Amino acid sequence: MTEAVDDVTGTIPVPRGPVGKTRLFFATHWHRGAPGQPTPGWVLRFCYGMWLTAFAFKLVGSSWDMSWHFRWLRDDLAPPHLINTVGTVIIVVLVAIHSYTGLGCDRLSLRLMQSGLVVFLVAAPLDVINHRVNGLDLTAWSPSHLMLYLGTAIMQAGVLLGWLRTSPPGRFRTGVLLTLWAFFLENTFFPNGQQEYGILGLRAWERGAPEAEPTLLSFAAGQIGHPVDGAAILHFTMPIPPWVYPLWGIAVSGLVLALARRTAGLRWTGLAVAGGYVAYRCVMWPLLLGLGFPVSTVPFYLLAVGLAVDLAFLARRPAVTGAVLVTALGYGAFWLQAQLRPWLLGDALTESAPPIEYWTAAVALVGVFALWAGFEPARRRWTARVSAE
């Protein structure tokens, strides 16, 4: 036991472990309340620590899940799905606690948590039904998969808002905020993994050492009425047009990093959030390889996108500067990464980036400017409306 200052009821002994804290919470704070209830400091830290734990389970599960689907036929009870489910169960409990007690959130953040969870829980069985009807459905961009990402994003937005509005200023607040934004970036960027795994799967087939099991390749080829040939493998590994990857990976990721920079207010927020995500990908890469699962290319160019966002916020006109810097540094870093072959690994890896269409840089330039220019007026109107409520 350790003494901790409870800013509502005074000094009380708070256990160190999660089990003891859970018991103490239900013994002292389990009563119905409206959102916005004063929340003891230890309760706030414990609650959002569990949110980070839940997102960590979902992160590891989803990362392994995509690699799994490039090797094996789908299985509802596959280990990656079970790991992801642990995170989902924790989230269900957390949303129920927020909803009943009103602690650690305000009305808007609670609505976002609840609505995001509803979208996710509706999407999950729809995804199972979709696989039962349509078979493999590997693409990360299918409607049911997009609903899963959307539900998670809405939940994460609620958690971010709740933490921003209820936590006291300080280093701990900033650290949790940056971590939450890294989770948000990962969930947003996740569909691009289709191309990052797919290009290496395609190259493995071309050199005569396919990563996928023969049953998976036969099933995927049979879905389009082909034998297991080059056309079937191309459809299996790279079904997404090459213009999608850069627009999502550079322009949309740039917007997420700009929002992170705006809310955190630290000079190098963009680089820190992008760096945290890229570091995670670098850790997962050898783990998957060591376990014998397919690996992906790693989006190192996101570091340049994060740097571009941070530099843009130092300018007087961040929308104009951001559009130019995000496009120039993002596409430039991607081109550089695509030229560097990972020769140290020999035949184990022959590509360092998926194929893209560089004409999309013009679209990204206009899109980033429009989104950034419209953000501040939209934020002011939103803030005024929330204040009026």
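None of the figures in this text is laboratory data; all of them are computed from the coordinates on show. Owing to the predicted nature of the structure, the values given are computational and were not obtained by experimental measurement. Methodologically, a virtual Cβ is constructed for each residue, glycine included, from the backbone with ideal geometry; neighbour enumeration extends over all protein chains shown.
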Next item on the list: May I ask you to list the trypsin sites (Lys or Arg not before Pro) in region 217-291 that are in a DSSP loop and have at most 14 other Cβ atoms within 10 Å of their Cβ?
Entry: R267
Check: Which whole-percent values make up P(r) of region 24-106 when all C-alpha to C-alpha distances are grouped in 5 Å steps starting at zero?
Finding: 3, 14, 21, 18, 12, 10, 9, 7, 4, 2
Note to self: As a footprinting exposure proxy, order T327, T188, T139 by other Cβ within 10 Å, with the fewest listed first.
What the structure shows: T139, T188, T327
Check: So for region 136-288, taking the charge dipole from beta-carbon charges (+1 Lys/Arg, -1 Asp/Glu), which of W248, L288, L177 sits furthest toward the positive end?
Finding: L177
Checklist line | Assigned charges on the beta-carbon of Lys, Arg, Asp, Glu; region 175-389 dipole about Cα centre (debye) | finding: 1100 debye
Check: Exposure proxy check: I356, I224 ranked by fewest other beta carbons within 10 Å?
Finding: I224, I356
Check: Residues with beta-carbon under 15 Å from that of L59, excluding L59: net charge, scoring Lys, Arg +1 and Asp, Glu -1?
Finding: 0
Notebook entry, point to check: Quick one: in the chain, what % of C-alpha pairs are over 35 Å apart?
Noted result: 31 percent
Note to self: Could you give the length gained by full extension between L336 and V128, i.e. 0.36 nm per residue of separation minus their alpha carbon distance, to one decimal place?
What the structure shows: 70.9 nm
Check: What residues have an amide H closer than 5 Å to that of E211, excluding those fewer than 5 places away on the same chain, when H is modeled at 1.01 Å from N in the peptide plane?
Finding: W205
Check: Counting other Cβ atoms within 10 Å, which chymotrypsin sites (Phe, Trp or Tyr not before Pro) in region 11-102 have at most 13 and lie in a DSSP loop?
Finding: W30
Check: What ranking do D229, D310, D65 get, fewest neighbouring Cβ atoms within 10 angstrom at the top?
Finding: D229, D65, D310
Notebook entry, point to check: Which ³J(HN,Hα) values, rounded to whole Hz and listed in residue order, are derived for region 279-294 from phi using the Karplus coefficients 6.51, -1.76 and 1.60 in 6.51 cos²θ - 1.76 cosθ + 1.60 with θ = phi - 60°, glycine and proline given as x?
Noted result: 4, 4, 4, 5, 6, 5, 4, x, 5, 5, 4, x, 7, x, 9, x
Notebook entry, point to check: Which ³J(HN,Hα) values, rounded to whole Hz and listed in residue order, are derived for region 81-96 from phi using the Karplus coefficients 6.51, -1.76 and 1.60 in 6.51 cos²θ - 1.76 cosθ + 1.60 with θ = phi - 60°, glycine and proline given as x?
Noted result: 5, 5, 4, 4, 5, 4, x, 5, 4, 4, 5, 4, 5, 5, 5, 4
Margin query: Could you tell me the calculated FRET efficiency between W30 and W268, based on Cβ-Cβ distance and R0 = 41 angstrom, to the nearest 0.05?
Written below: 0.50
Margin query: Given axes a ≥ b ≥ c from the Cα gyration tensor, I'd like to know whether region 175-389 is rounded (a/c under 1.5), prolate (a/b larger than b/c) or oblate.
Written below: prolate
Margin query: For C105, what residues show an amide H to amide H distance below 5 Å, using hydrogens built from the backbone and excluding near sequence neighbours?
Written below: G36, Q37
